[in-house]
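Below: the structure, in structure tokens.
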Amino acid sequence: YFWRRMALTQISSNKCFGGLQKVFEHDSVELNCKMKFAVYLPPKAETEKCPALYWLSGLTCTEQNFISKSGYHQAASEHGLAVIAPDTSPRGYNSKGEDESWDFGTGAGFYVDTTEDPWKTNYRMYSYVMEELPQLINASFPVDPQRMSICGHSMGDHGALICALKNPGKYKSVSAFAPICNPVLCPWGKKVFSGYLGTDQSKWKLDILIDQGKDDQFLLDGQLLPDNVIAACTEKKIPIVFRLQEGYDHSYYFIATFITDHIRHHAKYLDA
């Protein structure tokens with residue numbers, strides 16, 4: 001039990017497909033509050049270090065949504081992947097405006113480090129997901145720090161794509177369910193790839209898998225704009241598989257249908 005040496009409080013532990021689905025709480029330095037995260041340890045973790053797959057959830061979610069609704073455990077168990085799912089924002093600050101809207105404040109951290117008052121002292125989800133959480137996971141659990149991948153849903157996929165693109169080489173693969181590729185939030189195109197990845201194209205080796213429901217209301221409303229990231233990847237010769245799934249919406253029913261494909265995608269690049 002590596003985690004007992006760290007300042008982690010175990011909230012729950014449930015056996016699932018031979019492994020353990022756990023939830024922990026800790027005091028976050030970046031976010032200045034108590035944060036929960038979920039971690040699935042496959043049976044393989046009892047005898048060796050496992051590759052780690054990070055899942056970033058969408059607006060209004062907590063660490064619970066993915067672990068209770070997506071049905072990922074069987075595939076993760078079979079491939080020997082540890083899966084980490086953090087919460088989506090700091091909690092309990094009671095900042096003005098924090099709880100007034102579903103798409104801003106609590107549950108809507110967007111995986112960025114904010115620069116404006118009153119948010120900038122604690123809404124630092126990018127640094128939390130990129131630095132603090134992986135360091136905590138690597139020190140507390142039997143995972144291989146050299147084998148990490150990242151995926152997510154909607155706002156979480158905006159986060160996953162930004163984390164992967166801004167840090168070439170850190171993640172072995174990235175995948176997305178209905179990512180927000182809106183240029184206001186994320187200026188896809190030349191600026192992103194040259195600004196984030198630099199000019200050394202050998203560092204751009206990153207295979208991307210994106211699933212998008214064709215009947216997703218956010219797609220129909222122009223909130224997601226996946227064509228932007230497809231065009232940018234195509235121009236820079238970054239391998240991308242984009243699948244428009246007939247009849248599927250933005251929900252966890254959609255995620256549950258295709259999550260095994262995504263686990264396999266990551267397992268391939270993680271040598272799992």
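The values are calculated or read from the model by the stated rules, or taken from the named source; none is laboratory data. This one's a predicted model, so the numbers in the text were calculated from it and none came from an experiment. Reconstructed Cβ throughout: ideal geometry from the backbone, glycine too, with neighbour counts over all protein chains shown. In case anyone asks, the SASA skips ligands and DNA or RNA and just uses the protein heavy atoms, side chains included. Shrake-Rupley method; radii C 1.70, N 1.55, O 1.52, S 1.80 Å.
Of the set (1) at pLDDT 70 or above; (2) open to solvent by 70 Å² or more (accessible area, probe 1.4 Å); (3) among the charged types (D, E, K, R), all apply to Lys203 but (1).
Of the residues examined, Gly71 is one that is assigned to a loop (DSSP other than H, G, I, E, B) and modelled with pLDDT of 95 or more. Scanning the range 241-272 for residues being without any contact (Cβ under 8 Å) to a residue 40 or more places away in the chain and buried (at least 20 other Cβ atoms within 10 Å of the Cβ) gives a total of 1.
Look at the range 1-25: where a residue is open to solvent by 30 Å² or more (accessible area, probe 1.4 Å) and a partner is of a type in the set (A, V, I, L, M, F, W, C) and at pLDDT 95 or above, sitting 6+ places away or on another chain with Cβ atoms under 6 Å, you get Phe2/Phe141; Gln10/Phe24; Ile11/Val23; Ser12/Val23; Ser13/Leu20; Leu20/Leu41; Glu25/Ile11. Being under 20 Å from Tyr269 (Cβ atoms), among the charged types (D, E, K, R) and in a loop (DSSP other than H, G, I, E, B) is the filter here; which residues of the range 22-58 pass it? Glu48, Lys49, listed by residue number. Every condition in (1) at pLDDT below 80; (2) of a type outside the set (D, E, K, R); (3) open to solvent by 30 Å² or more (accessible area, probe 1.4 Å); (4) under 24 Å from Ala75 (Cβ atoms) is met by Gln217 except one, and the failing one is (4). Taken over the range 142-157, the residue count meeting the criterion of being in a loop (DSSP other than H, G, I, E, B) and at pLDDT below 95 is 1. Among residues of the range 64-80 that are at positive phi, those with a beta-carbon under 7 Å from a residue that is buried (at least 20 other Cβ atoms within 10 Å of the Cβ) and in a helix (DSSP H, G or I) at least six positions away or on a different chain give the pairs Gly71/Ile259; Gly80/Lys44. From the list Ile137, Ile84, the lone residue that is modelled with pLDDT of 85 or more and either over 30 Å from Gly169 (Cβ atoms) or more than 14 Å from the chain's Cα centre (by Cα) (or both) is Ile137. If you check Glu48, Glu30 for being open to solvent by 20 Å² or more (accessible area, probe 1.4 Å), within 19 Å of Ile263 (Cβ to Cβ), acidic (Asp, Glu) and out of contact with any His (no Cβ under 9 Å at 6 or more places or on another chain), only one passes: Glu48. From the list Phe254, Phe242, the one residue that fits, being hydrophobic (A, V, I, L, M, F, W, C) and assigned to a helix (DSSP H, G or I), is Phe254. Counting just the residues of the range 226-240 that are within 19 Å of the chain's Cα centre (by Cα) and modelled with pLDDT under 80, which one comes out surrounded by the fewest Cβ atoms within 10 Å (Cβ to Cβ)? For the range 226-240, the residue satisfying everything is Pro226.
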